[in-house]
Amino acid sequence: MPKMQALSCRECGKEYPTRDLHVCELCFGPLEVKYDYEAIKGRISRAKIESGPYSLWRYHDLLPVEGEPTVGLYAGFTPLIRARNLGAFLGIDELYLKNDCVNHPTLSFKDRVVAVALTRARELGFETVACASTGNLANSVAAHAAAAGMQCYVFIPGDLEAAKILGNLIYRPNVVEVEGTYDDVNRLCSEIAGEHRWAFVNINIRPYYAEGSKTLAFETVEQLGWRAPDQVVIPMASGSLLTKIWKGLKEFEKLGLLDHVPTKLNGAQAEGCSPIATAYRQGRDFFKPVKPQTIAKSLAIGNPADGYYALKATAESKGAMETVTDDEIVDAIKLLAQTEGIFAETAGGVTIGVLRKLVKQGVIRRNDVTVAYITGNGLKTQEAVIDAVGRPIRIQPSLTHFTKTFGLKEGA
Ligand SMILES: *Cc1c(COP(=O)(O)O)cnc(C)c1O
Ligand SMILES: [Zn+2]
C-alpha cells in the first residue's frame, strides 16, 4: 500500500495525483499531501523510529517520497538542548532549544525541507531545481543541488547579508539577484515556473517541500522522551513551518505515538514585517500584506503564502503571537549567546525575544514545558550584531602589558 494517497486541496478537498502540482484548479486553494494513515499505522512504531538513521529520514514513513532518500541524507536530527541558564533567567523550569543552527549542511532549518523536496523532485524526473528565497533556502538548495549533480537556479532579493550571498556563490549555481523584495522575487519565480519544467522547491513542488518541516515536531517529541511540549515558540516567514509543526504533532497523536497534544503554538515575527502576528492580535482571520523593513531578513515575507493557515492553527491550539523590534532582536541574540553559548541568526533573535515577552506577559508560565525553535546560524547574519558586541582588547605582545591591562597581580 502506498503511503501517499493524493494531493488534496486544503479548501475544497478535491484530490489530484501526486505530481508537481500545487494549486487547485477549481478554487485556487493550495494543495497538501494526503496520507493513508491506516496503512502507515501498521508499519510505524516508536521502536522502529528509534532504530532509524540519525537524520530526518528516521521519519520516512511520514514523508512524501516513494523510494529511498537520494538527497540530503544527513539533514535533521539536531540537538534538543536543555537551556538551564536561559530558563533560570526568564523564569521557566523546563526550557529547551531545538538547535537548527547546526543543521547539515547549510546551518539552517531549510536543510530539512530541501532534503525532502529534492528527493521528491528526482522521483518526479526533474533535472533542474530552483527556488525563491529569503536567504537560507537558496543556500540549502544550492548546496544540495551541487552534491546531487543537479542544475540549479536560486533567486534572491537585492538586499541579502554578505554571508548568505557567498553561501550561494561557493556552490556555483545560477544566482539571480532580483531588484526588489522577496515578494517580488516570488512573483517573478511563479511566472518562470510556468515557462520551464524546473522543480521550484517552494512553488510547484511546495506540497512536498513543506512536509519536511514536520520533522521538527517529530524530533522534539522523540527527544523529549515521547512527550509533546506545553508551549512552542516558532518564527514565521510564510507561516509554513508553524502549520507543519502542528500537522506533525497531530499525526503522531493520530498514529498512537503520542497520547495527547497539549501544545500551544506561539508565532513570532519581527515588528517590521508582522502581517500574521498583527492579524492574530487584532482577532482577524486574514492578514494584510506589508512591505518588510527589518534586520530579520530570513523572515521578511510581506505576503505570506501560509499566513491564513498559520492563523488557523495557532487559534486551534489556543496559542499566541507576538512581535519584537530590531533592537529587541539584537538583545535576544546576545542573551542567547551569553546564557547558552549558541550564536543564532536574526530569526533566532525573533524567537527568543518573543519567548521573553510571552513569559513576561504570563502567557508562558514557569512550569510549562517549553521549546523554542532556533532555526538559523548567527555567522550568516553578522551585519545585525557587528556594532553591538564591542571590540577585542588590544595589547602589545608583553606579559607586563597584559597583566597591567587586566589589572591582574603579577605571578599570582
Ligand atoms: C525560512 C525560515 C523560517 C520560517 O519559514 P516559513 O516560511 O515560515 O516556513 C524560519 N527561520 C529561518 C532562519 C528561515 O530561514
Ligand atoms: Zn479546491
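The values are calculated or read from the model by the stated rules, or taken from the named source; none is laboratory data. Just so we're clear, the structure is a prediction, and the values are computed from it rather than from any experiment. Heads up, the Cβs are rebuilt from the backbone with ideal geometry, glycines too, and the neighbour counts pull from every protein chain shown.
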Out of the range 140-163, which residues are under 16 Å from Val71 (Cβ atoms) and under 20 Å from the mean Cα position of the chain (by Cα)?
Ser140, Val141, Ala142, Ala143, His144, Ala145, Val154
It is to be established whether one or more residues within the range 25-43 are in contact with a Phe, Trp or Tyr (Cβ under 7 Å, 6 or more places away or on another chain), at negative phi and surrounded by fewer than 19 Cβ atoms within 10 Å (Cβ to Cβ).
no
Asn303: more than 13 Å from ligand 1 (Cβ to nearest atom) and either of a type in the set (Val, Ile, Thr) or touching a residue at least 12 places away in the same chain (Cβ under 8 Å) (or both), yes or no?
no
If you go through Ala305, Ala313, Ala268, Ala279, the only one that is at pLDDT 95 or above, more than 17 Å from the chain's Cα centre (by Cα) and among the aliphatic types (A, V, I, L, M) is Ala279
Kindly indicate whether any position in the range 145-167 is among the small types (Gly, Ala, Ser), without any contact (Cβ under 8 Å) to a residue 24 or more places away in the chain and within 22 Å of Val385 (Cα to Cα).
yes
Checking the condition in contact with an Asp or Glu (Cβ under 9 Å, 6 or more places away or on another chain), surrounded by fewer than 23 Cβ atoms within 10 Å (Cβ to Cβ) and under 26 Å from Ala121 (Cβ atoms), which residue from Arg197, Arg187 passes?
Arg197
Which of the residues spanning the range 1-24 are within 26 Å of the chain's Cα centre (by Cα), more than 22 Å from Lys254 (Cβ to Cβ) and either more than 16 Å from ligand 1 (Cβ to nearest atom) or surrounded by fewer than 14 Cβ atoms within 10 Å (Cβ to Cβ) (or both)?
Arg19, Asp20, Leu21, Val23, Cys24
In the range 128-140, is there at least one residue being among the hydroxyl-bearing types (Ser, Thr, Tyr) and closer than 12 Å to Asn202 by Cα?
yes
Failed item, numbered, when Thr278 is tested on (1) assigned to a helix (DSSP H, G or I); (2) closer than 25 Å to Pro64 by Cβ; (3) touching a residue at least 12 places away in the same chain (Cβ under 8 Å)
(2)
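This table checks each residue for (1) in contact (Cβ under 8 Å) with a residue 40 or more places away in the chain; (2) more than 19 Å from the chain's Cα centre (by Cα); (3) over 18 Å from Ile342 (Cβ atoms).
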site	(1), (2), (3)
Ala88	no, yes, no
Lys98	yes, no, no
Ala117	yes, no, yes
Cys131	yes, no, yes
Ala138	no, no, yes
Considering only residues that are within 15 Å of ligand 1 (Cβ to nearest atom) and of a type in the set (A, V, I, L, M, F, W, C), look in the range 206-219 and name the one that is surrounded by the fewest Cβ atoms within 10 Å (Cβ to Cβ).
Leu216
Can you tell me which residue in the range 220-248 is surrounded by the most Cβ atoms within 10 Å (Cβ to Cβ), limited to those that are part of a helix (DSSP H, G or I) and more than 16 Å from ligand 1 (Cβ to nearest atom)?
Val221
Just checking, which of Lys214, Lys250, Lys291, Lys244 is of a type in the set (Lys, Arg) and closer than 26 Å to Met150 by Cα?
Lys214
Can you list residue pairs whose Cβ atoms sit under 6 Å apart, with the first residue in the range 215-228 being within 14 Å of Val261 (Cα to Cα) and the second being assigned to a helix (DSSP H, G or I)? Count only pairs 6 or more apart in sequence or on different chains.
Ala217/Ile245; Ala217/Gly248; Ala217/Leu249; Phe218/Tyr59; Phe218/Gly248; Val221/Phe252; Ala228/Val221; Ala228/Leu249
Filtering the range 16-70 down to residues that are acidic (Asp, Glu) and either in contact with a strand residue (DSSP E or B) (Cβ under 6 Å, 6 or more places away or on another chain) or within 16 Å of ligand 2 (Cβ to nearest atom) (or both), which residue is nearest to Pro2 (Cα to Cα)?
Asp36
For the range 192-241, enumerate the residues that are within 16 Å of ligand 2 (Cβ to nearest atom) and of a type in the set (Lys, Arg).
Arg206
Single unsatisfied condition, Gly52 versus (1) within 16 Å of ligand 1 (Cβ to nearest atom); (2) closer than 30 Å to Gly341 by Cβ:
(1)
